[in-house]
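Here is the structure we will look at, set down as structure tokens.
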Amino acid sequence: MNPQKNSQTVLLLLVIFNIVSTTLHYTDNAIFVDLYPEPEWFTTAGVFATLIFMTPFGLLGYWLYRQGLFWWSYLCLGFYSITSVSSPGHYLYPMIIPMSVKMHLLIWCDAIAGLSLIGFIIWSGLFLQEWQKIELN
């Protein structure tokens, strides 16, 4: 088996996991914006705008990785992971209404997705060191 092909598959699955978890969490957050603890300036439109703005960075990161442009890929993927790893930020704001189990699950699923993407960047960059294995023809 080709190790680079395996890492591409792992990354694809992680990007899909992040897109699904973030879409579910952000959609729930946008629909129930008044129930989530967050800054007052956070709006439904802002939540969707963030999702629409950030998601292409995850897709671009995957594409760049497939092209062998690892450092650019790591940069895009790291930036994209902010959408997920920032989800527990809800807990920094006082809860007016207790959050539902669904809300907690969406927050932590999103956080785990983002952390897994950061873990991949570390694994690829530090352990596989794929960025050093680029063949020049």
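Looking at segment 82-94 only, could you name the residues that are outside any helix (DSSP H, G or I) and small (Gly, Ala, Ser)?
Looking only at segment 82-94, we keep the residues that are outside any helix (DSSP H, G or I), and these are 86, 93-94.
Correct list: Ser86 only.
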Considering every residue within segment 27-46, establish whether at least one is closer than 22 Å to Trp108 by Cα, in contact with a helix residue (DSSP H, G or I) (Cβ under 7 Å, 6 or more places away or on another chain) and charged (D, E, K, R). yes
Within the set of pairs 6 or more residues apart or between chains, which connect a residue that is surrounded by 14 or more Cβ atoms within 10 Å (Cβ to Cβ) inside segment 74-94 to a residue that is acidic (Asp, Glu) with Cβ atoms less than 7 Å apart? Ser84/Asp110; Ser87/Asp110; His90/Glu38
Would you point out the residue of segment 35-68, among those that are in a helix (DSSP H, G or I), crowded, with 16+ Cβ neighbours inside 10 Å and touching a residue at least 24 places away in the same chain (Cβ under 8 Å), that is farthest from the chain's Cα centre (by Cα)? Tyr65
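Can you tell me which residue is surrounded by the most Cβ atoms within 10 Å (Cβ to Cβ) among those in segment 95-124 that are assigned to a helix (DSSP H, G or I) and hydroxyl-bearing (Ser, Thr, Tyr)? Give the derivation first.
Narrowing segment 95-124 to residues assigned to a helix (DSSP H, G or I): 101-124.
Adding the requirement that they be hydroxyl-bearing (Ser, Thr, Tyr) leaves 116, 124.
Details: Ser116: 17, Ser124: 21.
Checked segment 95-124; the qualifying residue surrounded by the most Cβ atoms within 10 Å (Cβ to Cβ) is Ser124.
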Of all residues in segment 69-81 being modelled with pLDDT of 95 or more and of a type outside the set (Phe, Trp, Tyr), which is nearest to the chain's Cα centre (by Cα)? Ser81
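The values are calculated or read from the model by the stated rules, or taken from the named source; none is laboratory data. Treat the numbers as computed from the prediction; the structure is a model and nothing was measured. All Cβ positions, even for glycine, are placed from backbone atoms using ideal geometry, and neighbour counts span all protein chains on display.
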